[in-house]
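Worksheet: the structure to be examined is printed underneath.
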Amino acid sequence: MIGLLVAGMAAGGTYLLYTAVVFGWRGLGPPRRRGAVPGPVPARLARLGDWMAQAGLAEAKLRDLGLAVAGAALVGGVVGMGLFGSVPAAVVMGMGAGSWPVAAWRNRRRALRVAAQEAWPHIIEEIRLLTSSVGRSVPQALFEAGQRAPVQLRPAFEAAQREWMLSTDFERTTAVLKARLADPTADAACETLLVAHEVGGADLDRRLEALARDRVVDVQGRKDAQAKQAGVRFARRFVLLVPCGMALAGMSIGTGRAAYQTPLGQALVVLGILAVVLCWAWAGLLLRLPDEERVFQ
C-alpha cells in the first residue's frame, strides 16, 4: 500500500513538473487578479495553442489534459508495482505510461493534419471555380467550399460562418477560421481571400491556382517520404514489444521473479525501462517530418 501511495505521489509530481516546464503552467500559483490587463502571449503558449487546435483539443482545458496524463501515470505505476514489486520500477513505468496520452494526441494531431493537407488543394480549387466561373463573392465561396470539406474541418468553417453572419467583418471571420484550424495553408488561403475581398484584384484566380498547385506538390512529397518510412515505423512498434515479452518470460521461468526483487535486478529493470523509453523517443524524433511554420497568424 505504501508503494502504491509513493507511486501516485511520484506520478503527481511528474505531472506538475511536466506542465510547468513544457506548458509554462503554474497550477498551484496565485490566480490573476480580476480586471488585470493580459500581456502578450508567450511564444511557447502560442505554439501550445496551435498544437491543441491541430489535435482537435481547442476547447479542452489544460487541467483536464493534465489529469489524463496523471491518471495514465498512476495506472502505469500500479502495474509496475504489481509486476516488479519495486517503487523505483513503478515510478519509471508510471512516467512512461504518463506519456501515452500525449502520444495519442500526437497521433490524432498527425491524422488531422494529413486530412487537412490533402483537403486544402481541393478546397482552394473549389473556391477558385466559385469566384471565377460561378460568380460567388469571396465569403460565400469560402463557406460553400467549407460545407464540402472533410468532417474534421467543418466545425471551423461553421464557426467562421457564424462570425460572418453576426459581424459581416471578413477580417474577423478569417481570424476565427485561422485560429480554429491553426494550419499554414489555411493562413495563406485566408490572407489571399482577405486581400481580394478588401482590395479587389483580377489576379485572384491565378493566385489561388498557384497556391493549390503548390499544396499538391507538398502533399505528394510528404506521401513519398512517409511511404519510405513505413517499414521503419513498423519495426519501431515491433521492437517496443520485445522487451516487455522478455520481461514477462523471465518472471515466469524458475526463480525469475525473485531475481527481480534483488537490488541489482531492480536497478537493471529501471535502466532497461529508461533505455526503451529514450530509444523510442529518439527514433520518433528521427522519423518526424518537418512541419511548416505559420506565417500569417
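All of the numbers you see were taken from the coordinates with simple rules; none came from a lab. Note that the coordinates shown come from a computational prediction; the quantities given were computed from them, not determined experimentally. Ideal geometry is used to build each Cβ from the backbone, glycine not excepted, and the neighbour counts take in all protein chains shown.
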### Message
Quick check: the distance between the Cα centres of region 74-131 and region 214-241, to the nearest angstrom?
### Response
17 Å
### Task
Would you mind giving the average projected area, over all directions, of the Cα convex hull of region 113-246 in nm² with one decimal?
9.9 nm²
### Task
Could you go through region 153-168 in sequence order and give the Karplus-derived ³J(HN,Hα) for each residue, using 6.51 cos²θ - 1.76 cosθ + 1.60 with θ = phi - 60°, rounded to whole Hz, and x for Gly and Pro?
9, 4, x, 5, 5, 5, 5, 5, 5, 4, 4, 5, 5, 7, 10, 6
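Determine the sum of side-chain charges near residue 164: Lys and Arg each +1, Asp and Glu each -1, restricted to other residues whose C-beta is under 12 angstrom from that of residue 164. Spell out each step's value before the answer.
Values: positive: 162, 172; negative: 158, 163, 169, 171.
Taking every other residue near residue 164 into account, the sum is -2.
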### Neighbourhood net charge (13 Å Cβ-Cβ; Lys/Arg +1, Asp/Glu -1) for residue 143
0
